[in-house]
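Reading through the structure tokens given below for one structure.
The values are calculated or read from the model by the stated rules, or taken from the named source; none is laboratory data. Keep in mind it's a predicted model, so treat the numbers as computed, not measured. Here the Cβ is made from the backbone with ideal geometry for all residues, glycine too, and neighbour counts use every protein chain on show.
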Amino acid sequence: MAEGRVQRRLAAILAADVVGYTRLMGRDEAGTLGELKTIRADLIDPKMAEHQGRIFKTTGDGVLAEFPSVVNAVACAVDIQRAMSDRNGAIPEARAIQYRIGINVGDVIIEGDDVFGDGVNIAARLEGIAPAGGVTVSGAVRDHLGSRLDLQFDDIGDQTLRNVERPVRAYAVRLDVPGEVPIAQHSDKPSIALLPFVNMSDDRQQDYFADGITENVITGLSRFRDLFVIASNSTFAYKGKATKIQDASRELGARYILEGSVQRSKDRVRITAQLIDGKTGRHLWAERYDRGVDDIFAVQDDVTERIIGSLATAYGGRLLKAWQERPEVAGTRNFEALDYFVRGMESLNRYTKEDNLHARELFEKAGELDPKFGKAFAKLAWTHMIDANDGWSENPEASLANGLKYANLAIERDDAEAWGHYALAGHCLFCGQYERAIIEYQRALELNPNDADVLLDFGSCLSYCGRAQEGLETAQKAIRLNPHYPEWYILQIGQIYYDVRRYHEAIAALEGLRTLDTVYQHLYLAASYAALGSEDEAQQVIEHILQLEPRATITMRTTSDMAPYKNSSDLEHFRENLRKAGLRE
């Protein structure tokens, strides 16, 4: 092109395309094409004309348009997305057509009716990172716009865009969503759920690595009383599923959702993360980290800090200040140790004698690889105490001694980690040190008030200590915090219902268990039936207990480590109903 024929000008460029175009065409090619033509004729083209836009390029699923001003371009984009939201209101989600839009302002080259240059390229790349139904603009657009439109913007940080030399500052336009269903918020605190980070590596074994990233960020956030953090058991229910953010937000009772991905090679790891307002679907913040493997935990700290920073403005900066001034804690810095730990938790939650032993081996390996990994030693302590509590140990005294050993080691290695005190609390309870047990549970909850596992076990402890109603309320809080709780939660809730003398609810809970089949649960089930005078049902449960453990007796199964009641009247209440059920002394 001869230099004399080049025409340049400053222009606002709007890029839009259809989300999931290939999927929609595969489902119904003729119907999708017809619908797109209708949308163009009835909505896109009239809005472009209204705001003085000129479409200079079209593709099967998108358009590029030039506007005389930033105000016109942004106003047009907002009108289109709001109109599309109204249009999709009565259409099934699988068939709904949604656009994503990117806008940039910059110097462009004009050749005939076509437009070229970085101004166009950046708009197209911004469209690529915009959410479905959303609008993302460059920092230049935001600066040019000022306060000329009654809109709000969320700063999503510097974005590295494909084939664009320098990072581009980007902002998400806040769009009202008509007909929105309110989030079932469980707390007056900012609530957040972290969906499992997606493993983008070819190696499926790296799922453990991605899960570990998710767990660490949850743990970091859970330290703060000013946040309501949904437990990982609940969020991991969404692993591997295509999930609409607003649906997950409502189901989990979390206003904010963090999602991301992890791609790990031999020596490097790339993490992407984005924070989303679950009520509106707005992207509040996004970032990508590309670093050497040795830096991964620094990346995790940074991700957590950025999330809290996004929430802290409404609270006077207190959360961010607390995070920046926190004392350094000795969390794991060993990748292989973290892999062993995550696998150990999977085994432990299956709650069988064999899985408990396998979990112990994995926790031992994690502790060997990282001697400062307090959490691994805490769960190692629990494997020994579970052996004693569930009758799986041939030497309960030795198992409890090992529980104490590793609980103390966990605290010694990482006193700021709640689970060391949690393990020590369990040991104190099983050994009849009731007041000390309560103190240690409270210490654990001071360190991590949002840990649903600790809350659930604390509820059980309070029930054993003669404070059953308070224990039930504490356990119910744990379930609110972790709506996708594992089955062992119900096992302990059943015990607490029995202690509160709510036998029908105890039976409903314990009969509802599907994966667990332990003597512990059936003892409370039999006692509940007996307390209601349902002798036949109680006898059937006792017969099942004797199939699981032929030598089971009341004396054997109501020792201080298996039924650690503080008050003799509560212990006798349990024993008397087991007698009525037909269990021999």
Count of residues meeting criterion [under 20 Å from Asp517 (Cα atoms), assigned to a helix (DSSP H, G or I) and of a type in the set (S, T, N, Q)] in segment 381-422: 2
Residue within segment 171-186 that is modelled with pLDDT of 80 or more and surrounded by fewer than 16 Cβ atoms within 10 Å (Cβ to Cβ) present: no
When residues of segment 61-87 are limited to those that are more than 37 Å from the chain's Cα centre (by Cα) and not hydrophobic (A, V, I, L, M, F, W, C), the one surrounded by the fewest Cβ atoms within 10 Å (Cβ to Cβ): Pro68
Top-ranked residue of segment 475-510 - restricted to ones that are assigned to a loop (DSSP other than H, G, I, E, B) and charged (D, E, K, R), ranked as farthest from Ala254 (Cα to Cα): Arg501
Options Glu576, Glu505, Glu535; residue that is farther than 19 Å from Ala388 by Cβ and within 34 Å of the chain's Cα centre (by Cα): Glu505
Tyr498 out of contact with any Leu (no Cβ under 8 Å at 6 or more places or on another chain), touching a residue at least 24 places away in the same chain (Cβ under 8 Å), assigned by TED's automatic domain parsing to the domain that holds Phe574 and closer than 22 Å to Gly426 by Cα: yes
Residue identified as surrounded by 21 or more Cβ atoms within 10 Å (Cβ to Cβ), of a type in the set (A, V, I, L, M, F, W, C) and in contact (Cβ under 8 Å) with a residue 24 or more places away in the chain among Leu516, Leu523: Leu523
Residue within segment 561-568 that is among the polar types (S, T, N, Q), farther than 30 Å from Lys239 by Cβ and in contact with a Pro (Cβ under 9 Å, 6 or more places away or on another chain) present: no
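So that you can scan it fast, the table gives a plain yes or no per residue for (1) in contact with a Leu (Cβ under 8 Å, 6 or more places away or on another chain); (2) without any contact (Cβ under 8 Å) to a residue 24 or more places away in the chain:
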position: Ala506; (1), (2): yes, yes
position: Glu511; (1), (2): yes, yes
position: Ser528; (1), (2): yes, no
position: Glu537; (1), (2): no, yes
position: Val541; (1), (2): yes, no
position: Met556; (1), (2): no, no
position: Ser568; (1), (2): no, yes
Entirely in segment 227-332, the strands (runs of 3 or more DSSP E) that have 1 or more residues that are among the charged types (D, E, K, R), under 19 Å from the mean Cα position of the chain (by Cα) and at pLDDT 85 or above: 256-264
In segment 548-584, the residues that are surrounded by fewer than 14 Cβ atoms within 10 Å (Cβ to Cβ) and acidic (Asp, Glu): Glu572
Verdict on Ser393 being of a type in the set (Gly, Ala, Ser), closer than 22 Å to Tyr485 by Cα and at pLDDT below 95: no
Test: residue in segment 479-488 that is aromatic (Phe, Trp, Tyr), surrounded by fewer than 24 Cβ atoms within 10 Å (Cβ to Cβ) and either in the same structural domain as Leu227 (by TED's automatic domain parsing) or modelled with pLDDT under 95 (or both): yes
Residues located in segment 523-540, provided they are closer than 18 Å to Tyr565 by Cα and of a type outside the set (A, V, I, L, M, F, W, C): Tyr524, Ser528
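To keep it simple, each residue is scored yes or no on (1) in contact with a Cys (Cβ under 6 Å, 6 or more places away or on another chain); (2) touching a residue at least 24 places away in the same chain (Cβ under 8 Å); (3) not small (Gly, Ala, Ser).
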site	(1), (2), (3)
Arg27	no, yes, yes
Gly34	no, no, no
Lys57	no, yes, yes
Ala65	no, yes, no
Gln81	no, yes, yes
Leu194 crowded, with 22+ Cβ neighbours inside 10 Å, more than 24 Å from Asp79 (Cβ to Cβ) and at pLDDT 80 or above: yes
Count of residues meeting criterion [modelled with pLDDT under 90 and among the hydroxyl-bearing types (Ser, Thr, Tyr)] in segment 78-116: 1
Residue satisfying all of: in segment 117-148; modelled with pLDDT of 85 or more and in a loop (DSSP other than H, G, I, E, B); surrounded by the most Cβ atoms within 10 Å (Cβ to Cβ) among these: Ala130
Total residues in segment 199-209, condition of a type outside the set (Phe, Trp, Tyr) and buried (at least 17 other Cβ atoms within 10 Å of the Cβ): 4
Selected residue (only one of Leu523, Leu472, Leu516 is part of a loop (DSSP other than H, G, I, E, B) and among the hydrophobic types (A, V, I, L, M, F, W, C)): Leu516
